[in-house]
Amino acid sequence: MVIPYLVKIVSLCSGTGKTTIASRVISYLKKKNYFIGVVKHAASGVALEEKDSEKFLESGADIVVTSSPGLAVVYVANYIDTLDQALTFLDTPIVIVEGFKESKYGDTILIVRGEEDLKELYKHTSSIIAIVSHSTIQETSTNVPIYDFTEVENLGKLVEEKAIEHLYSQTARTNCGMCGIPNCREFVKAYLRRQVEWCPVTSNIKVL
């Protein structure tokens, strides 16, 4: 089974620009025609705008799928609010997550207002690959790159590189050409675009 590349975009509080950064990273990746899933953690709840779906849920339905041209929305009753549960609905090679800062899954991008936010977030997060700051901060304890809000294209490139490396590590890495593509890195890029199925020479079977 292929493990998708997952990156969380987190901050200490709301209103710091997580959605803005996530949207710009998604836009950068979509220019490459990569398939992307998104998980948005709405800790304060979600307002149901489609009234018939709300009625079905109130009637006791466990799952409601609202299907429309170009868009489907899935409503699940009695839902357990965890990243594990949210990921069961996605089947994309890249997953962008807004929130769930204490989850240990994937890499993490921190959105901070300054030094104090950064110190506090270090207590709750792991696998930090980048920091986006509203103000100038001096980060000397690690080699994590620091960006401002005008450098989102560079952040998008970083996420792309991390995704390619993550998926490449799951291929055979032999450049055997069995997939019809000369080398494994180019295969990964094709897989990100859903142009191919997964590597035909990898297997979950192990000899013990």
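The values are calculated or read from the model by the stated rules, or taken from the named source; none is laboratory data. Note that the structure is predicted; figures quoted are calculated from it, not measured. Virtual Cβ from ideal backbone geometry, glycine too; neighbours counted across all protein chains shown. Calculation scope for accessible area: heavy atoms of the full protein, side chains included, ligands and nucleic acids excluded. Shrake-Rupley method; radii C 1.70, N 1.55, O 1.52, S 1.80 Å.
Accessible area of E102 (1.4 Å probe, protein heavy atoms only, ligands and nucleic acids ignored): about 110 Å².
Taking chymotrypsin sites (Phe, Trp or Tyr not before Pro) that fall in a DSSP loop and have at most 13 other Cβ atoms within 10 Å as cut points, what is the longest piece of the chain between them?
Longest site-free region, per DSSP loop and neighbour criteria: 90-208.
What the Cβ-Cβ distance of S67 and E102 gives, at R0 = 35 Å and to the nearest 0.05, is a FRET efficiency of 0.55. Extension gain for the segment A47 to V74, taken as residue separation times 0.36 nm less the Cα-Cα distance, is 8.4 nm to one decimal. Within the stretch 85-167, the trypsin sites (Lys or Arg not before Pro) that combine a DSSP coil assignment with at most 11 other C-beta atoms in a 10 angstrom radius are K104, K123.
Annotation: extensible slack from K31 through S127 equals 31.9 nm (criterion: 0.36 nm per residue apart, minus Cα-Cα distance). Within a straight-line Cα-Cα reach of under 20 Å, K40 can be paired with the following lysines, leaving aside sequence neighbours fewer than 8 residues apart in one chain: K8, K18, K30, K101, K104.
Please compute the length gained on full extension between Q138 and F89, using 0.36 nm multiplied by the number of residues separating them and subtracting their Cα-Cα distance.
13.7 nm
Nearest 5 is fine: what % of DSSP beta bridges in the chain come out antiparallel, could you say? The answer is about 20 percent antiparallel. Taking the structure as given and computing Cα extents along the principal axes in Å, which label from [x] 47, 37, 35; [y] 53, 50, 40; [z] 50, 43, 31 fits? Of the listed options [x] 47, 37, 35; [y] 53, 50, 40; [z] 50, 43, 31, [y] comes from this structure.
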